[in-house]
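Step one of this worksheet: look at the structure below.
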Amino acid sequence: MPKNDYVIEAKNLTKSYGSTEVLRGINLQIERGTMLALLGPNGAGKTTTVRILSTLLSFDGGEASVEGYDVVKHADKVRSVIGLTGQSAAVDELLTGRENLVMMGQLYRLTPQSSKARAQELLEEFDLVKAADRTAKTYSGGMRRRLDLAVSLIATPPVIFLDEPTTGLDPRSRLSMWAIIKKLMEKGTTILLTTQYLDEADQLADKIVVIDDGIVIAEGTSTELKSKVGNDRLELTFPNAGSMQKALGVLGKKVIDSSDKDSSATVVIKDPNVDVREVLDLLAAKKITVDSMAIHKPTLDDVFLSLTGKQKSKDKKEKA
Amino acid sequence: MAIELVFEKKPKWVLSLNDSRLMVKRSATHIIRNTDQLLGAFFQPIMFLVLFSTVFGGAISKSLPPGISYLNFLMAGIIVQTVAFGSTTTAVSVCSDLQKGIVDRFRSLPMANLAVLNGHVVSDLFRNVISTLVMLITGLIIGFRSHASPLHWLYITGILMLFTLAFSWLAAIVGVFAKTVEAVQWLTFVLIFPLTFASSAFVPASSFPRYLKAFAINQPITQVVEAVRALILGLPVGNHVWLAIVWSLGLLAIAMPLASWLFRRKTSQ
């Protein structure tokens, strides 16, 4: 079997629909047994990337390979080593959970006996034994996602694509999905996860690639990305939008984010002992009152906001 | 703990055939579980047969050759009409598979992609056999009598199956093209309704105005109806049998590769 350093590799992938550029040169490298999270808002190109890497979609430029197999020239080989789950794939609603699993197993070229035995194992592992012989149509959202994931694991492929596996799930189902994904990682599966939830990437992934508008805007571990944004944040909430605007005038460049709706502003602080006092003094000098304030560590949300914010201002400069 | 997984080691064409078998099983399960559709496949032919024979029977029997009852005349027409409309199911199934993303799941597997289409077409054939049997039994109850020998019934079965396959593959094209299931329904209706009514399915084509007659006697549905009718009634078959076979094979030869090509193209953009 041909092997190279990376299990999943994409080089300068481009894809357009007419004049709309969906991918503008995506580069990805995923090492064996690790999880990479592709993080981005709706329409960033996450699903398009997954569909290309899982052989479902053609692309205009660049190269893509999985387990060393070119996704175009050796699509069949790629298909026998991957499992795909999430919004790019589905289960058959008129078949029962068990029937779905057994059928997909046989389509993965498992023998009927292996397929049945493995289906039973997965039903137990994914807590679907009671619902095994009901049609998938009757499943709840969480159960359907679990079945969907189980189906893609039927032949224990070494590479799994999880395309927004928890979008639209309630918090409890989401946690149980995370637990299942963590187990998969312990078994050494190589995973490409797409998500629009920063905490999901933070919780699960070894490496995060942030994409927006079809290009990679940042990559690294969750810690690395957070350190890019750096310091703690002080969030100030004002009685009304008017006093918030006044505060913006006073604090000037210190403010990194503000919201008219919540009458709030966020300030970066380097040393809590000095900077908080300084901000409050500045506000007090102009008789601006503060309703509440809170200090928090930077989250991936902050990373994302500052990255995409920068991206957008760069766009403006280019146009200007 | 972990089970040892055993993979099939058979040649590729055997595995591809097995993919189609699995897809037929899937589509057949859909037919059985989709109760509304199943009831339709059961009651619609009964309704058509009873209504047509009683409503039109009196008026039309006068223009039929002597000694042939309208019910006996109608049987071939109503079977072909039901089979033609039944092909809509293939179109609907193909369209809804494409919409729901299950086709993407199949495409991510190392399976033969066209097995999905084969599955729908073949299971449609099963459903049409059931519909036809229901109609024949209903017909027998309300007075239908045939002079066909067992060999003739074999011919009839063959002709109808070939025709059903041809129409199901045509319907698959509509299913790939249409964006919604609703669109499939009106599109197939607009295509099939004129074809079945501007034929000799319900009345002898000899009563049509000249231009319509020219169309009616040369179109495939009339050929299939006339062939089946002649065999059922024990009348001379003339050119109808081989024309019916040529038409069906011809349509099949065009529709099958075209549907497959369109399906492949649609799913890999």
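The values are calculated or read from the model by the stated rules, or taken from the named source; none is laboratory data. It should be emphasised that the depicted structure is a prediction, and the values quoted were computed from it without experimental measurement. Positions of Cβ are generated from backbone atoms using ideal geometry, with glycine treated the same way; all protein chains shown enter the neighbour counts.
Annotations for the structure displayed:
- Exclusive hit being away from every other protein chain (no Cβ under 14 Å), touching a helix residue (DSSP H, G or I) at 6+ places or on another chain (Cβ under 9 Å) and in contact (Cβ under 8 Å) with a residue 60 or more places away in the chain, set B:Val50, B:Val92: B:Val50
- Test for A:Ile208: is it in contact (Cβ under 8 Å) with a residue 40 or more places away in the chain and part of a helix (DSSP H, G or I): no
- The test for being part of a helix (DSSP H, G or I), away from chain A (no Cβ under 11 Å), closer than 27 Å to B:His240 by Cβ and not charged (D, E, K, R) does not hold for B:Leu39.
- Residue list for the stretch A:89-147, filter: more than 13 Å from chain B (Cβ to nearest Cβ), part of a loop (DSSP other than H, G, I, E, B) and among the aliphatic types (A, V, I, L, M): A:Leu128, A:Val129, A:Ala131, A:Ala132
- Of the residues making up the stretch A:109-125, those that are within 29 Å of the chain's Cα centre (by Cα) and surrounded by 20 or more Cβ atoms within 10 Å (Cβ to Cβ) are A:Arg118, A:Ala119, A:Leu122, A:Leu123.
- Residue match in the stretch B:61-81 (condition: assigned to a loop (DSSP other than H, G, I, E, B), touching an Asp or Glu at 6+ places or on another chain (Cβ under 8 Å), more than 24 Å from A:Ile160 (Cα to Cα) and touching a residue at least 60 places away in the same chain (Cβ under 8 Å)): no
- Residue count, the stretch B:29-71 (criterion: surrounded by 14 or more Cβ atoms within 10 Å (Cβ to Cβ) and touching a Pro at 6+ places or on another chain (Cβ under 9 Å)): 2
- Per the conditions (1) charged (D, E, K, R); (2) over 17 Å from the mean Cα position of the chain (by Cα); (3) within 23 Å of B:Phe167 (Cα to Cα), the sole criterion not satisfied by B:Asp124 is (2).
- A:Thr166 passes every criterion in (1) within 9 Å of chain B (Cβ to nearest Cβ); (2) modelled with pLDDT under 95; (3) in contact with an Asp or Glu (Cβ under 8 Å, 6 or more places away or on another chain) apart from (1).
- Taking the listed residues B:Ser53, B:Ser27, the one that is in contact with an Asp or Glu (Cβ under 8 Å, 6 or more places away or on another chain) and either over 28 Å from A:Ala155 (Cα atoms) or not aliphatic (A, V, I, L, M) (or both) is B:Ser27, with no other qualifying.
- Residues in the stretch A:57-88 that are closer than 16 Å to B:Leu109 by Cβ, at the interface with chain B (Cβ under 8 Å from one of its Cβ atoms) and among the polar types (S, T, N, Q): A:Ser80, A:Ser88.
- Matching entry among B:Val134, B:Val121 (being away from chain A (no Cβ under 14 Å), on the phi < 0 side of the Ramachandran plot and surrounded by 23 or more Cβ atoms within 10 Å (Cβ to Cβ)): B:Val121
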